[in-house]
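This report concerns only the one structure given below.
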Amino acid sequence: MLPHDLDPANPLARRNVQCFADPAALARAAAGETADRLAQAVAARGSATLALAGGSTPKVLYRLLVEDESLRARLPWAQTHFFFGDERHVPPDHTDSNYRMASEAMLARAVADGLVPAANIHRIPAEMASARGAAESYAGVIQAHFGGETMPAFDVILLGMGPDGHTASVFPGTSALRERDGLVCAVWVDKLSTWRITFTPPLLRAGRCVLFTVAGADKARTLRAVLQGPPDSDRYPSQGIVSANGETLWFVDEAAAGEL
């Protein structure tokens, strides 16, 4: 296991970094952390909010939460509201949809089993013709849920990191990096030739618990730059996502941690 603070003198080191043997162990630990944090939120405030991520590790995490009896019992399903940290500009039944992935892995079964009301699931309306319109609509959904708070604090925000250092759909060199006040934005990702809808960096940083899950040797060099390199969040957007008032957790596997 890695030290919790890589360098106390470095302001970027306000992170808790934990290393696991493989992606399966990482996903199980992240699922347990998520369930426990949501239970703590319900105990403190009566309800909880979770922002879901796309990707292979979250998919395993979601399946564990709904299929593993111990984890399933620890998550306060009925009191939790599920949101999405980002989405592709596609309909909800599209193979690229983060909503579809999360629904097939967890949410549909949770609703069918009576664990969570369908009304507690708040997806991004990415089927709208305008990605900007979808972003504006989703920002309104978030504000309505949080009673109009200027910058709401989600109890848990799940994030991944790409080999290029992007997180959610905040990619290097994109307009999302310049967002200062908004909650959700539409961003054109030039290298993918597509629109994405994403939580803005300020909203990500407002999370009470920001939990990154990173697996794979293809991310090792970038992870080292993000956690141990000089400040450069324009090049590595993940580096700039540090919870302002809560905790930032990095759960990584041994392959991803290979250069730390």
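Of the residues in region 156-172, at least one is over 27 Å from Gly46 (Cβ atoms), polar (S, T, N, Q) and out of contact with any His (no Cβ under 8 Å at 6 or more places or on another chain).
Looking at Ser238, Ser193 in this structure, which one is out of contact with any His (no Cβ under 6 Å at 6 or more places or on another chain), of a type outside the set (Asp, Glu) and within 30 Å of Gln40 (Cβ to Cβ)? Walk me through how you get there before you give the answer.
Working: Ser193 fails: within 30 Å of Gln40 (Cβ to Cβ).
Sole residue among the options that is out of contact with any His (no Cβ under 6 Å at 6 or more places or on another chain), of a type outside the set (Asp, Glu) and within 30 Å of Gln40 (Cβ to Cβ): Ser238.
Of all residues in region 189-201, those satisfying the criterion of being farther than 12 Å from Ala139 by Cβ and either of a type in the set (Val, Ile, Thr) or touching a residue at least 40 places away in the same chain (Cβ under 8 Å) (or both) are Val189, Thr194, Trp195, Arg196, Pro201.
Out of Ser193, Ser233, which single residue is buried (at least 17 other Cβ atoms within 10 Å of the Cβ), over 23 Å from Thr57 (Cα atoms) and small (Gly, Ala, Ser)?
Checking each option against the conditions leaves just Ser233.
If you check Gly216 against the conditions, is it farther than 19 Å from Ser137 by Cβ and at pLDDT 95 or above? Give the steps one after another, and end with the answer.
On the way: farther than 19 Å from Ser137 by Cβ: yes; at pLDDT 95 or above: yes.
Yes; evaluated as a whole, the condition is true for this residue.
When you look at Val116, is it under 19 Å from Pro92 (Cβ atoms), without any contact (Cβ under 8 Å) to a residue 60 or more places away in the chain and assigned to a loop (DSSP other than H, G, I, E, B), yes or no? In short, yes.
For region 211-225, which positions are surrounded by 22 or more Cβ atoms within 10 Å (Cβ to Cβ) and out of contact with any Lys or Arg (no Cβ under 9 Å at 6 or more places or on another chain)? Before you say what the answer is, go through the steps one by one.
Taking region 211-225 first, the residues surrounded by 22 or more Cβ atoms within 10 Å (Cβ to Cβ) are 211-215, 219, 222-223.
Correct list: Thr213, Val214, Ala215, Lys219, Thr222, Leu223.
Among the residues making up region 172-188, those that are touching a Gly at 6+ places or on another chain (Cβ under 9 Å) and either more than 21 Å from Arg123 (Cα to Cα) or free of Cβ contacts under 8 Å to residues at least 24 places away in the same chain (or both) are Pro172, Leu177. Arg235 meets each of the listed conditions (1) touching a strand residue (DSSP E or B) at 6+ places or on another chain (Cβ under 7 Å); (2) modelled with pLDDT of 95 or more apart from (1). Is it the case that Glu104 is over 17 Å from the mean Cα position of the chain (by Cα) and assigned to a helix (DSSP H, G or I)? So Glu104 passes the test.
Suppose the filter is of a type in the set (Ser, Thr, Tyr), out of contact with any Ser or Thr (no Cβ under 7 Å at 6 or more places or on another chain), crowded, with 19+ Cβ neighbours inside 10 Å and within 20 Å of Pro58 (Cα to Cα); does Thr167 pass it?
On the way: of a type in the set (Ser, Thr, Tyr): yes; out of contact with any Ser or Thr (no Cβ under 7 Å at 6 or more places or on another chain): no; crowded, with 19+ Cβ neighbours inside 10 Å: yes; within 20 Å of Pro58 (Cα to Cα): yes.
No, not satisfied.
Of the residues Trp188, Trp250, which single one is crowded, with 19+ Cβ neighbours inside 10 Å and aromatic (Phe, Trp, Tyr)? Reasoning before the result, please.
Working: Trp188 fails: crowded, with 19+ Cβ neighbours inside 10 Å.
Only one candidate qualifies: Trp250.
Looking only at region 119-132, which residues are touching a Lys or Arg at 6+ places or on another chain (Cβ under 8 Å) and assigned to a loop (DSSP other than H, G, I, E, B)? Answer for region 119-132, where residues must be touching a Lys or Arg at 6+ places or on another chain (Cβ under 8 Å) and assigned to a loop (DSSP other than H, G, I, E, B): just Ala126.
Elements of the type strands (runs of 3 or more DSSP E) sitting completely within region 142-212 and holding at least 2 residues that are of a type outside the set (A, V, I, L, M, F, W, C) and within 17 Å of Ser97 (Cα to Cα): these cover 194-199.
The values are calculated or read from the model by the stated rules, or taken from the named source; none is laboratory data. Given the structure is predicted, the values throughout are model-derived calculations rather than measurements. Note that each Cβ is placed from the backbone with ideal geometry, even for glycine, and that neighbours are counted across all protein chains shown.
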